[in-house]
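The values are calculated or read from the model by the stated rules, or taken from the named source; none is laboratory data. Only a predicted model underlies this, so the values are computations on that prediction, with no experimental measurement involved. Methodologically, a virtual Cβ is constructed for each residue, glycine included, from the backbone with ideal geometry; neighbour enumeration extends over all protein chains shown. Protein only, heavy atoms only, side chains kept; ligands, DNA and RNA dropped before computing areas. Shrake-Rupley method; radii C 1.70, N 1.55, O 1.52, S 1.80 Å.
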Amino acid sequence: MERIAGQVASVIYFNEDNGYTVLRLDVDDGSHAVVVGCIPLAAPGESLVAWGEWTRHASHGEQFRAAYTERTMPSGAAAIFDYLSSRVIKGIGPATAALIVGQFGDDALNVLRDHPEKLATLRGISMQKAQEMSAAFRRQTGMRSLMEFLGSAGIAPLMALRLYRFYGDEALERVEENPYILAGIQVGGTFAEADALALAHGMEADSPQRIAAALLFELRHNSDNGHCFLPVDKLTAATAQLIGVDAEQIGEGLDILLEAGDVVCEPVSNVTACYLAPLYAAETYVAQRLRDMAGEVYEETRVSVEGTIEKLESEQGIRFAPQQRRTLDAAVHRQLVVITGGPGTGKTTSLRAVLALFDAMGLETLLAAPTGQAAKRLGDLTGREASTIHRLLDASFSPETDSTVFRKNESDRLHCDALILDECSMVDMSLMKAVLAAIGPTCRLVLVGDADQLPSVGPGAVFRDVIRSGVAETVRLTEIFRQKLDSRIVLSAHQIDKGEVPDLRANNGGFYFLRRREPQAAQETIVSLCQERLPKNMAIPSGQIQVLTPTRKGPAGTEELNRALQEALNPPAVGKQEFVYAGRTYREGDRVMQIRNDYDILWKTSSLESGYGVFNGDIGYIDSIDPAAESFVIDFDGRRAEYAFEQASELDHAWATTVHKAQGSEYRAVVFSAVRAAPQLMYRSLLYTAVTRAAELLVIVGDDGVIRTMTENARRAKRYSALRLRLIADE
């Protein structure tokens, strides 16, 4: 990278959200330059050294794009006046700057930082105002010190902005004490970056603190892969490999975590299970609450079940099947009810009936689902308002614990008599704990889902474990209703679930198979289907088609498919703005998906509603891009949210998405890319989940051998969780 140094002459533009700055620099050699990059709180009068590269902007000409910067405070009364009069310090403008510099001269900044009481002796400055100005100045210098500390390990300035956002004035002190907070959920750094920072500032390779941080990283990483705990021998081996120390040395770091209460170890079956403390608390809490609720039976009822069923049948013009009648009977007499079944078996009808039954009983009922797409579908099916679980429980992020917190909890519970949760196969252990903590001890809970779909992305397999334990009243809907018998999507899904390969030759009933054994040929066919064939021949717009694939890799994986589909469905055009981030082009009109929870994004609707939070799995379209402000707006089904360019790291293009990301959603048309992928992705429940996402049309493009392999592979990825054992502990 090239180096440029000089004094900041003026700041042309500053984006407070992402630190993006455009400034004019008086270069030491007498020339002038425009410098752009993440340079938070830059101000005239500062000395600045930047490393980066020269670029040419189409509208603004030659610019120096800074990757890293070093800044020093101005010295001398004239430079200090330029700095303070720029309004970089809240409460100080040109008049106040002249007053301060006139009184204290070259020592003005020291007084501002350390002696606000001296400022209060000046005309027009009260003690409160002096303290506010001093605090604002310390924040500005704190940000600079933080950037320099991170820059010593080559860590981008954006990380300093994120750290300051969550830890405030304590950010530098916190990261000096524990560099590994850099790899926290919201800061978003990698363990490798945090580890490099720690080692750069003198931490020994075999330091107990480093080993403890690596252990926590391994447990958190594996919780993201579905595990509630790791056996101690696997945890030790993985950590030793991660940081290059002997396995024998890991024990000392583990002892530190056990003593601090960050980790809990407990015998489970024949292994010593190591849990992150919050996951141990969640698993034991969920087990206890569900066991208590499962044992609650109501003998006396305020309504006649049979009379209510007859009334519902008359109003809806249907006849409930025996299994659906059993669902209603269970909902009346049990506090905890589980309803599970595949497509076409009447889950929706049963759910509507339970809701009507609760209404007849005078119960205040809430509806929720794990994702925005699932909640919208639940609301559409029931005609009632449904919320995501995160919004229902008022989720936010806590910097203190580096985790999600829910304002609805045991201290401030939901006001309801019953809660119906749909798509429960997606609910992980931590989220189920939050749900149970937020409902009162007498609240009824109905868990609805398809146990044969993929398990939750997060830790545990709660829905499946509850069913397998047998402790809860569980109704399995197995009969396919007559109106669904003509759908080959439904019939094929049930065949796959039984391990039977569906007929790929029939091509009728909404189910079609196009053999393309070469991945590149599969990609070309998928693009053609979305761009021309389905819109033209089936009258299904491209916006109602979702491409699903088992894998991110290869020509028929999400990465390459999204590039190809973007060029076909949303090509560049005159007047259509776009930007490039991390090698990807983002363009107005692109379909995108949020890939991690972000609790701080403000959204607004056209009816002036507003709120905070966009969550993992939410899908929207890029509505507009502002290159000057380096920001863009995404429309999430009427909720408009503004993002900084750097926040594109929280997004994936969503023309094509993995089956895992499509859980809880239903699409009018699905095109499934059935190509060879890693062996761990070639299994039955993944194929079953893909097929059951299609409501009207399913087109499978790929290798019939892949369909056979996936159908015959009933393997389920092992998840370390003791929930089922805890549920049956006293059986």
Going by Cα centres, the range 318-351 and the range 513-574 are how many Å apart?
38
Report the one residue of 351, 5, 462 whose Cα lies farthest in the direction of the positive end of the charge dipole of the chain (charges on C-beta: Lys and Arg +1, Asp and Glu -1; origin at the Cα centre).
351
With all protein chains present, the chain has a carbon and sulfur share of its accessible area (1.4 Å probe) in percent of 47
Roughly what angle does helix 305-316 make with the longest principal axis of the chain, taking Cα atoms, 0 to 90 degrees, to the nearest 10?
80
Under a Cβ-only charge scheme (Lys and Arg +1, Asp and Glu -1), can you give me the dipole magnitude of the range 234-293 about the Cα centre, in debye to the nearest 20?
360
To the nearest 10 Å², what's residue 444's accessible area with a 1.4 Å probe?
20
Between the residues 33, 235, 147, the Cα farthest towards the positive end of the dipole of the chain, that dipole coming from +1 and -1 charges on the beta-carbon of Lys, Arg, Asp and Glu, is from 235
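Using 1/(1 + (r/R0)^6) with R0 = 25 angstrom and r between the beta carbons of residue 206 and residue 173, what's the FRET efficiency to the nearest 0.05? Mind dumping the intermediate values first?
Values: r = 25 Å, r/R0 = 1.01.
Calculated value: 0.50.
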Residue farthest toward the positive end of the dipole of the chain, with Cβ of Lys/Arg at +1 and Asp/Glu at -1: which of 42, 660, 643?
660
Extension length gain for residue 285 and residue 481 (0.36 nm per residue less Cα distance), in nm, is 66.7 nm
Taking alpha-carbon centroids only, the range 364-391 lies from the range 197-221 a number of Å equal to 42
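For the chain, what proportion of DSSP beta bridges, expressed in % and rounded to the nearest 5, is antiparallel?
Details: 74 of 115 bridges.
That works out to approximately 65 percent antiparallel.
List the equivalent ellipsoid semi-axes of the range 196-266 in whole Å, largest first, each obtained as the square root of 5λ for an eigenvalue λ of the Cα gyration tensor. Walk me through the intermediate numbers first.
Details: eigenvalues 76, 34, 28 Å².
Value: 20, 13, 12 Å, ordered largest first.
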If you take the alpha carbon radius of gyration of the chain and divide it by 2.2 N^0.38 Å, what ratio comes out, to two decimals?
1.09
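Excluding ligands, DNA and RNA, what is the solvent-accessible area per residue of the chain at a probe of 1.4 Å, expressed in Å²?
On the way: 31820 Å² over 731 residues.
Result: 44 Å² of accessible area for each residue.
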Let's see if you can work this out: charge +1 on each Lys and Arg Cβ, -1 on each Asp and Glu Cβ, no other charges. What is the dipole magnitude of the range 459-605 about its Cα centre, in debye to the nearest 20?
240
Hey, rough spin-label estimate for residue 715 and residue 95, points 7 angstrom out along Cα→Cβ, what's it come to in nanometres?
7.5
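Charges only on Cβ, +1 for Lys and Arg, -1 for Asp and Glu: so what's the dipole of the chain about the Cα centre, in debye to the nearest 20? Walk me through the numbers on the way to the answer.
On the way: 75 positive and 97 negative charges, 481 e Å.
It comes to approximately 2320 debye.
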Quick check: from the Cα gyration tensor, does the range 352-407 come out rounded (a/c under 1.5), prolate or oblate?
oblate
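What is the antiparallel percent of DSSP beta bridges lying wholly in the range 368-489, to the nearest 5?
Working: 5 of 12 bridges.
Within the range 368-489, antiparallel bridges account for around 40 percent of the total.
Cβ neighbours within 10 Å, averaged per peptide: list 537-544, 141-148 in order, most packed at the top. Walk me through the numbers on the way to the answer.
Details: 537-544: 13.8, 141-148: 20.1.
Listed from highest to lowest mean packing, they are 141-148, 537-544.
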Given the range 115-186 reduced to its alpha-carbon atoms as identical point scatterers, what log10 I(q)/I(0) does the Debye formula return at q = 0.11, 0.20, 0.22, 0.25 Å⁻¹?
-0.36, -0.77, -0.85, -1.01
So how tilted is helix 347-360 from the main axis of the chain? Cα-based, degrees 0 to 90, rounded to 10.
90
Taking 7 Å along the Cα-to-C-beta vector as the label spot, tell me the residue 396-residue 199 distance in nanometres, rounded to one decimal.
3.9
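Say R0 is 41 Å: what FRET efficiency, to the nearest 0.05, do residue 135 and residue 649 get from their beta-carbon distance? Working shown, then result.
Values: r = 31 Å, r/R0 = 0.76.
Efficiency computed from Cβ-Cβ geometry: 0.85.
Suppose the chain between residue 567 and residue 728 were pulled fully straight at 0.36 nm per residue; how much longer would it get relative to their current alpha carbon spacing?
Working: separation 161, 0.36 × 161 = 57.96 nm, distance 5.39 nm.
Gain in length upon complete extension: 52.6 nm.
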Compute the acute angle (0 to 90°) between the alpha-carbon long axis of helix 94-104 and the principal axis of greatest extent of the alpha-carbon atoms of the chain; round to the nearest 10°.
50
With DSSP loop assignment and no more than 14 other C-beta atoms within 10 Å, the trypsin sites (Lys or Arg not before Pro) in the range 562-644 are 576, 596
